1. For the chain, what are the residues that are surrounded by 12 or more Cβ atoms within 10 Å (Cβ to Cβ), out of contact with any helix residue (DSSP H, G or I) (no Cβ under 9 Å at 6 or more places or on another chain) and either of a type in the set (D, E, K, R) or free of Cβ contacts under 8 Å to residues at least 12 places away in the same chain (or both)?
2. Can you find a residue that is modelled with pLDDT of 95 or more, touching a Cys at 6+ places or on another chain (Cβ under 9 Å) and among the polar types (S, T, N, Q) anywhere in region 17-39?
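The values are calculated or read from the model by the stated rules, or taken from the named source; none is laboratory data. Here the structure is a predicted model, which is why all the values come from computation and not from measurement. In this analysis, Cβ positions are derived from the backbone assuming ideal geometry, glycine residues included, and neighbour counts consider all displayed protein chains.
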Amino acid sequence: MPKTLEAVCTDDDCTLDMFELHYTYDMPDETGITDFACPYCGGTDCLDEVEL
Ligand SMILES: [Zn+2]
């Protein structure tokens with residue numbers, strides 16, 4: 001199965017709580033949470049990966 005990444009936005013002003021990223025098999029292994037931005041506030045420093 002391709003990786004699924006759960007992310008939370010920790011920005012106090014952002015009302016988005018958690019979202020999920022579903023990778024395809026083509027996603028490079030080194031791709032991580034720092035490569036993405038919050039889909040709501042657009043922040044890149046406020047995302048944290050949730051360890052399941
Ligand atoms: Zn956000």
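1. 3, 6, 11, 31, 35, 37
2. no
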